[in-house]
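Report on the structure given below.
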């Protein structure tokens, strides 16, 4: 089945959406992410949407849901890389994504996550023996 | 006003909603729309295409490239033979939904285009026409 890959990097989860998602795929991402937060105990989620040419009300709702669900699971979500044309359209559409943290790019997003969570995205030092 | 090009696409599945968006993007780009205007019309198309599939039980969308004097436009007509919309004015209001969406689709789509026309007959179906001028 088609899925958006989720990468684990230290205590954070990274998602780069690179396809034009149909609704089921967006819902699948929402389910996969919440499941993975709970399984890995990740404290932060970074979603890169710089490849997305469109965020409509459905995809916007999925993004807002992911942020709310991860917050309940004790993880922060940052959405990065939104294209200016997408931002303009979203606001006109009536979607403000209130409650969703955003950053201009991955670097700034990672910094925001580290500050919000108060830790580095690496595994604890005693985990260095792991493969 | 002249129609310089037209095409119809079937609209029954979520994958076809994605195809309609991609099609709208291509047409808007070919008509010389700015990136922001492309994004607006594609987003409106996405909202209405989803409505056709989810609420209308499927249907079709007709694309038309328009020429009126020196200005060019893109017109999309979404049609279904679904249950129709009982109260159009209410359906256009932000936050109103009969499904589990946000209720931004219709009103939002209307704000993203220059012309918006909706004809609906309960039990017979819905036709929504949007036009965006360059």
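The values are calculated or read from the model by the stated rules, or taken from the named source; none is laboratory data. Keep in mind that what you see is a predicted model, and the values were worked out from it rather than measured. For neighbour counting, all protein chains shown are included, and Cβ atoms are generated from backbone atoms with ideal geometry for every residue, glycine included.
Number of residues in the stretch A:41-63 that are on the phi > 0 side of the Ramachandran plot and facing chain B (nearest Cβ under 8 Å) equals 0.
Conditions (1) modelled with pLDDT of 95 or more; (2) surrounded by 15 or more Cβ atoms within 10 Å (Cβ to Cβ); (3) within 19 Å of residue B:19 (Cα to Cα); (4) out of contact with any helix residue (DSSP H, G or I) (no Cβ under 6 Å at 6 or more places or on another chain), marked per residue:
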{"site": "A:7", "(1), (2), (3), (4)": "yes, no, no, yes"}
{"site": "A:10", "(1), (2), (3), (4)": "no, yes, no, yes"}
{"site": "A:18", "(1), (2), (3), (4)": "no, no, yes, yes"}
{"site": "A:21", "(1), (2), (3), (4)": "no, yes, yes, yes"}
{"site": "A:33", "(1), (2), (3), (4)": "yes, yes, no, no"}
{"site": "A:42", "(1), (2), (3), (4)": "yes, yes, no, yes"}
{"site": "A:46", "(1), (2), (3), (4)": "yes, yes, no, no"}
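Among the residues making up the stretch B:114-133, those that are in contact (Cβ under 8 Å) with a residue 40 or more places away in the chain and either at the interface with chain A (Cβ under 10 Å from one of its Cβ atoms) or surrounded by 15 or more Cβ atoms within 10 Å (Cβ to Cβ) (or both) are B:125, B:126, B:127, B:128, B:129, B:130, B:131, B:132, B:133. Only residues that are within 20 Å of residue B:104 (Cβ to Cβ) and more than 9 Å from chain B (Cβ to nearest Cβ) were counted across the stretch A:75-101, and they come to 9. Considering A:72, A:66, the condition of being more than 9 Å from chain B (Cβ to nearest Cβ), touching a helix residue (DSSP H, G or I) at 6+ places or on another chain (Cβ under 7 Å) and more than 21 Å from residue B:109 (Cβ to Cβ) is satisfied by A:66 alone.
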